[in-house]
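Everything below concerns the one structure shown next.
The values are calculated or read from the model by the stated rules, or taken from the named source; none is laboratory data. These figures come from a predicted structure and were not determined experimentally. FYI the Cβ positions are ideal-geometry reconstructions off the backbone, even for glycines, and counts take in every protein chain you see.
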Amino acid sequence: MENTKKLTLVIEPDPILHQIATKVENITDEIDETLNEMAKIMEQFDGIGLAGPQVGVQKQIIIIDAETIAREDKVELPKERYLKIINPEIISVSKETCLKEEGCLSLPTIYYTVERPEKIYIKYLNEKGKEIKLDADGLLARCIEHEIDHLKGKVFIDYVGPLKRKLALSKLKKMKPRK
Ligand code: NI
């Protein structure tokens, strides 16, 4: 099988992170390979979730380290380590919100507390094209909400207010490009 082109992490500020990702029309082997490659990058940088735009792929695809999240939340471990989410649609979110500090692989060294819905109910396609409905809370919900935002061209510092946002962006601009 042919190798997909080498993917690399996109760092803010980058216009790719602010564009809307398109729906996947056909779930091919290439999509699954891209998701596997994303899992490797996520692991390399100690992340728990990664969305297509973060590796320069403007498609509605997300990889989530469900096992690490379950460990963190002290809930039953999932059958498979990774959750592969394609074309997610939010069915509903809870009115209740919660606060937690967040980071993002595209915004290294930046951590801020973000308010998000406590629970989320979504439907999506897995890498086999099967429709899945998922009710999530805790860190899993937060992570899914954060990654779905990436597909909409949104990053977490969009929630923190203009001053903190400006501070984060100036900090990122001073960083040396990562190889
Ligand atoms: Ni992120």
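A few points about this structure:
- Residue check for residue 64: surrounded by 20 or more Cβ atoms within 10 Å (Cβ to Cβ), in a strand (DSSP E or B) and within 16 Å of the ligand (Cβ to nearest atom): yes
- Filter result for residue 104 (assigned to a strand (DSSP E or B) and within 22 Å of residue 161 (Cβ to Cβ)): no
- Test for residue 22: is it free of Cβ contacts under 8 Å to residues at least 60 places away in the same chain, touching a strand residue (DSSP E or B) at 6+ places or on another chain (Cβ under 9 Å), farther than 25 Å from residue 165 by Cβ and more than 16 Å from the ligand (Cβ to nearest atom): yes
- Meets criteria (within 16 Å of the ligand (Cβ to nearest atom), in a helix (DSSP H, G or I) and either over 12 Å from the mean Cα position of the chain (by Cα) or surrounded by 12 or more Cβ atoms within 10 Å (Cβ to Cβ) (or both)) for residue 8: no
- The range 129-161, residues that are away from the ligand (no atom under 16 Å from the Cβ) and modelled with pLDDT of 95 or more: 129, 130, 131, 132, 133, 134, 135, 136, 137, 138
- Among the conditions (1) loosely packed, with under 14 Cβ neighbours inside 10 Å; (2) within 19 Å of the chain's Cα centre (by Cα); (3) part of a helix (DSSP H, G or I); (4) not aromatic (Phe, Trp, Tyr), residue 133 misses just one, which is (3).
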